[in-house]
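What follows is a set of notes on a single structure, which appears directly below.
What follows is calculated from the coordinates using simple rules that are stated; it is not laboratory data. Because the structure is a prediction, the values reported are computed rather than measured. Counting neighbours? That spans all protein chains shown, and the Cβs are built from the backbone with ideal geometry, glycine included.
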Amino acid sequence: MKPGLRLVLLTLLWMGVSGCVSYSLSPEPHLRAHEEPWQIRPAAMSTPTLNVMTINLAHGRGNGVHQVLQDGDRARENLDAVGALIRREQPHVVALQEADAPSAWSGAFDHVSYLAERAGLSWSLRVAHAEGAGLKYGTGLMSGLPVADTGAYTFAPAAGTLPKGFSLVTVRWTDTGELVDVVSVHLEPMRAAVRQQQTQQLIAALADRGRPLVIMGDFNTGWEDKDGVLQSITRDLGLRAFAATAPDLETFPRLDRRLDWILASADFEFADYRVLPDPISDHRAVVATLRARAQADQPIARFPAETGDKDGT
């Protein structure tokens, strides 16, 4: 397809979707337990590290132009590839964005539940921030650790934007049963002012929970962008970014930009952080190994960041 025609098609599709879907302002977290025999993670973990991953699923379209141009079988094939990637990396918790409930444009099946079964993870949480015209999608999380609590939030409506929000699971980590909040977030891609408003809503919702916190997802912004979104989140919630200004961690190849991030509270150190090369969608998956600071018995590699804290921000 010629680039000009592709741009026109995508513009029309965006206009059509934005006119059909509505904000689900009180989204219901849809939590499901999966007890399949190929489960790769036990129900209780005893480990000094927490392995996490974030993936923008792009509605199951893989590297296709748009999900409406493919059938359900192709969507399943694309999600099978994501499931194989997750099994290879073996994260404890996975954050998902552009994750579909049964929707007319992406095969009419639950992408999050399907993927959790293929990945062999015990729990899946799906939250629909957008609904309408046969479409239902948003963010989600999958976990191999026991889930103690869930949460969901859709950001306030803004004219000319598609609904965005975040989902949350509280997981029991280590044999002591310590609770950790893990968030999957998706922020507005086009308008910085809206993204800044969403950031303030995110901060207000998470500021006083009093637990170790990991926020992952598609922030649609870079560390040095003028909107200041990532600096606000890390500063106000006491989080750290790995190698915030590193030039080789791009997650959105089309624009050569780092839009997908894993941020962790000061309870953790980054023992490992990678952007995976696998072409599972227009975004690249990000994985990190987090180690509790109290359990760290030797220093890890340090990387410069803009604030001067050499392992993050």
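A few notes on this one:
- Cut-off 19 Å, label 7 Å out along Cα→Cβ of Leu276, residues of the range 68-91 by amide N: 75-91
- For the range 191-282, diffusion coefficient by Stokes-Einstein and Kirkwood Rh (Cα), 4 °C, 1.567 mPa s, µm²/s: 92 µm²/s
- Neighbourhood charge, 13 Å Cβ-Cβ cut-off, centred on Leu168 and excluding it, Lys, Arg +1 and Asp, Glu -1: +1
- Cα gyration tensor shape for the range 114-157, rounded if a/c is under 1.5, else prolate or oblate: oblate
- All other residues whose Cβ lies under 15 angstrom from that of Glu131 are scored, Lys and Arg at +1 and Asp and Glu at -1, for a net of -1.
- Each 5 Å bin, from zero up to the one with the longest distance, holds this percent of the alpha carbon pairs of the range 3-295: 1, 6, 13, 18, 21, 18, 13, 7, 3, 1, 0, 0.
- Cβ crowding within 10 Å averaged over residues, with 283-290, 206-213 ranked highest first: 283-290, 206-213
- When Thr161, Thr139, Thr176 are arranged by Cβ crowding within 10 Å, least crowded first, meaning fewest neighbours, the order is Thr176, Thr161, Thr139.
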